[in-house]
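Below you'll find the structure, written out as structure tokens, and then a few comments.
The values are calculated or read from the model by the stated rules, or taken from the named source; none is laboratory data. Everything numeric in this text was worked out from a predicted model, so none of it was measured. With ideal geometry, Cβ positions are generated from the backbone for all residues, glycine too; neighbour counts draw on all protein chains shown.
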């Protein structure tokens, strides 16, 4: 099971081929949920295993362009950073964010929810899955 940054106690510094890198594609329908003006974007997540091998967190990276400014979001060892640069500045400005910024999807929480997904007995909305199995999860 993957634990959220709040559950993580050991530092991470190993990657492992046993856990896959993940690419999350997000598509938002409401304008209020856009990120830096984007309603569609990808976030790349690379697994990092705790020293004792008991926990996995994902380091996350995403890039957004808004006008002439490029924003890079990075989550490493549970610490989030946002750097921005524009064509007129030579050095990017970087700042720390809360562990998983409230303006971006919480990847580690999403992965933890997927790990805890349970089979749903039926769907009142009539959703059909090609495999015949329907799962539910909460983030």
Unmet requirement for residue 56, which otherwise passes all of (1) more than 19 Å from residue 81 (Cβ to Cβ); (2) surrounded by fewer than 18 Cβ atoms within 10 Å (Cβ to Cβ): (2)
Sort out which residues of the stretch 79-103 are at pLDDT 80 or above, farther than 17 Å from residue 66 by Cβ and surrounded by 13 or more Cβ atoms within 10 Å (Cβ to Cβ), and write them in order of number. 79, 80, 81
Flag if residue 122 is modelled with pLDDT under 70, surrounded by 11 or more Cβ atoms within 10 Å (Cβ to Cβ) and part of a loop (DSSP other than H, G, I, E, B): no
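Being part of a loop (DSSP other than H, G, I, E, B), modelled with pLDDT of 85 or more and either under 12 Å from residue 104 (Cα atoms) or in contact with a strand residue (DSSP E or B) (Cβ under 9 Å, 6 or more places away or on another chain) (or both) is the filter here; which residues of the stretch 23-45 pass it? Before you say what the answer is, go through the steps one by one.
The first filter runs over the stretch 23-45 and keeps only residues part of a loop (DSSP other than H, G, I, E, B), leaving 28-30, 34, 36-37, 39.
Add one more test, that the residue is modelled with pLDDT of 85 or more, and what stays is 28-30, 39.
Passing the criteria: 28, 39.
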Taking residue 37 as meeting all but one of (1) exposed (fewer than 13 other Cβ atoms within 10 Å of the Cβ); (2) farther than 16 Å from residue 25 by Cα, write down the number of the exception. (2)
